[in-house]
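The values are calculated or read from the model by the stated rules, or taken from the named source; none is laboratory data. This one's a predicted model, so the numbers in the text were calculated from it and none came from an experiment. As a convention, Cβ positions derive from the backbone with ideal geometry for all residues, glycine included, and neighbour counts pool all protein chains shown.
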Amino acid sequence: MENTLFTDLGISEEVLKAIADMGFEKPSPIQSAALPALLAGRDLVGQSATGSGKTAAFAIPAIDAVDVAVRKPQVLVLCPTRELALQVFEEFGKLSKYKKGVRGAVIYGGEPYGRQFRDLEAGAQIVVGTPGRVIDHLERGSLALDGIKTVILDEADRMLDMGFRDDIERILEGAPEERQSVFFSATLPKPIQELIKRSCNEPAHIKILPPKGEAGKNIEQFVVDCDRGAKASAMLRLISFNRYRRGIIFCSTKIMVDELSESLTEHGIPCDRLHGDIRQRDRDRIMRQFREGAFEFLVATDVAARGLDVDDLEVVFNYDVPNDAEDYTHRIGRVGRAGRTGTAYTFFSSKGERFHMERIASHTRFAMTRARIPSKDEVDKQRQEAFATDVLALIASGKFKKKEAVAAKLLESGLSPSDVISAVIHFYEHGGVDAEQPVPVAHHQV
Ligand code: AMP
């Protein structure tokens, strides 16, 4: 199975071409295991972590099963959140771009119905949606399930946790019985097993989870034991000292997300925030801007950050201890993706939180290594060294405009170069001659 190629699997030329465009060289383990069964039309229960390539594993066969001559829903994918629905939809879009006549619709709550009606009416064969909105469309008559050939439940355990059980059962009952049923779920608690038993016909079971302790192997994991009031400054020092530029900070409440992102902004850290009270349109924009690197740190609650697919993050801060081992693994799994390495810090402040963290650590089998918080002097010294290195690199690159007249005037004044450079840095940091306080641009302070 290790050496399977995409071309060995009977995938259509159109989809193979799209796979090549996406830069996938060979199937990931979950794809090697799931694709043959799914392409053969079997039902399937897949257990695999995020980042394993599970979306393509179910999207490729689903796209190839679409009959483009029939302009009605044939594939239905249910996702727990709008963010995940959008990402899954995007992946379907990329994989089907050469298959002419394939249309899709993504339907989720918190957005007006207009576009969704239009996409469905236009004859979408692939529908990706959240359970609540799918039910709404069924009730309004804008979505029909009688032509459905494949139903896919992505992150099924999450959907049940979020209270979508009744909606899912109704949707499954409404789809034709001879359909293909596909469940992807990290865990298989009893209610999921019951649902599988009722809706699947001799499903293939595939479990590709990293063995315990393997999860997050390429992620350095630390804990930080400090007073509640000292958490923000400890985190700021870690960010400055390590020169982190891309990360997520998880908090357990919306209020904490708001407060922390405000405080980080005041300290000159380019950041934005995500939680359930933020309007959908703004959430989409924030996610997009974060992906594009418009700001450096995202402060978020667990739910808001689910499905966030950003591959280049360096660090995760668990500003509050996560609920359980699964949430912990999920949170830290935002780094160390696609073969990269990353770092995760978890803060705890009380005995209770410490105890809770110990349980998570024993479950996920990682050593609770304490992070050393650098002193203010160390942070300052590191910043100065980094600034000097950056300036030398800039000079070496030659990518700056020469200011010969100013330079000559400053140097001819008979002052020492050290005074001149220090005064220029003061000017740069303080935004002028008289300002007492540095302008809050932490990364750029020397
Ligand atoms: P997922 O588990 O579906 O969230 O996928 C995680 C990431 O891996 C996504 O950015 C995919 O585009 C990417 N990916 C999926 N399959 C492959 C593959 N065979 N080779 C390389 N990257 C892949």
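Points to keep in mind about this one:
To keep it simple, each residue is scored yes or no on (1) within 27 Å of residue 159 (Cα to Cα); (2) surrounded by 13 or more Cβ atoms within 10 Å (Cβ to Cβ); (3) touching a strand residue (DSSP E or B) at 6+ places or on another chain (Cβ under 7 Å).
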residue	(1), (2), (3)
299	yes, yes, yes
314	no, yes, yes
319	yes, yes, yes
327	yes, yes, no
334	yes, yes, yes
356	yes, yes, no
360	yes, yes, no
376	no, no, no
380	no, yes, no
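- Residue 15 touching a Leu at 6+ places or on another chain (Cβ under 8 Å), surrounded by 12 or more Cβ atoms within 10 Å (Cβ to Cβ), part of a helix (DSSP H, G or I) and at pLDDT 95 or above: yes
- Test: residue in segment 148-166 that is aromatic (Phe, Trp, Tyr), part of a loop (DSSP other than H, G, I, E, B) and surrounded by fewer than 16 Cβ atoms within 10 Å (Cβ to Cβ): no
- All positions within segment 271-292 that are in contact (Cβ under 8 Å) with a residue 40 or more places away in the chain and away from the ligand (no atom under 16 Å from the Cβ): 279, 280, 281, 283, 284
- Only residues that are assigned to a loop (DSSP other than H, G, I, E, B), modelled with pLDDT of 95 or more and of a type in the set (Val, Ile, Thr) were counted across segment 72-111, and they come to 1.
- Picking from residues in segment 362-374 that are over 20 Å from residue 238 (Cβ atoms) and out of contact with any Gly (no Cβ under 8 Å at 6 or more places or on another chain), the one that is surrounded by the most Cβ atoms within 10 Å (Cβ to Cβ) is 363.
- Selection count, segment 21-68, where residues are assigned to a helix (DSSP H, G or I) and either away from the ligand (no atom under 11 Å from the Cβ) or under 22 Å from residue 127 (Cα atoms) (or both): 21
- Count of residues meeting criterion [modelled with pLDDT of 95 or more and touching a Pro at 6+ places or on another chain (Cβ under 6 Å)] in segment 199-216: 0
- Among the residues of segment 112-128, those that are in contact (Cβ under 8 Å) with a residue 24 or more places away in the chain, over 27 Å from the mean Cα position of the chain (by Cα) and not in a loop (DSSP other than H, G, I, E, B) comprise 117, 120.
- Residue list for segment 217-242, filter: assigned to a loop (DSSP other than H, G, I, E, B) and at pLDDT 90 or above: 226, 227
- Answer from 80, 131, 112 - the residue that is closer than 25 Å to residue 169 by Cβ and more than 16 Å from the ligand (Cβ to nearest atom): 131
- For segment 327-344, a residue qualifies if it is within 16 Å of the ligand (Cβ to nearest atom) and over 11 Å from the mean Cα position of the chain (by Cα), and the qualifying residues are 329, 336, 338, 339, 340, 342.
- Between 317, 295, 347, the distinction of being more than 16 Å from the ligand (Cβ to nearest atom) and in a loop (DSSP other than H, G, I, E, B) belongs to 295 only.
- Between 283, 334, 340, the distinction of being within 28 Å of residue 108 (Cα to Cα) and either modelled with pLDDT of 95 or more or not in a helix (DSSP H, G or I) (or both) belongs to 334 only.
- Just one of (1) surrounded by fewer than 21 Cβ atoms within 10 Å (Cβ to Cβ); (2) more than 16 Å from the ligand (Cβ to nearest atom); (3) not polar (S, T, N, Q) fails for residue 97. It is (2).
- Of all residues in segment 1-19, those being within 11 Å of the ligand (Cβ to nearest atom) and either over 28 Å from residue 202 (Cβ atoms) or under 24 Å from the mean Cα position of the chain (by Cα) (or both) number 1.
- Filter result for residue 345 (within 18 Å of residue 301 (Cβ to Cβ) and either surrounded by fewer than 20 Cβ atoms within 10 Å (Cβ to Cβ) or in contact (Cβ under 8 Å) with a residue 60 or more places away in the chain (or both)): yes
- The set of residues in segment 14-44 that are more than 23 Å from residue 339 (Cα to Cα) and free of Cβ contacts under 8 Å to residues at least 60 places away in the same chain comprises 16, 36, 39, 40.
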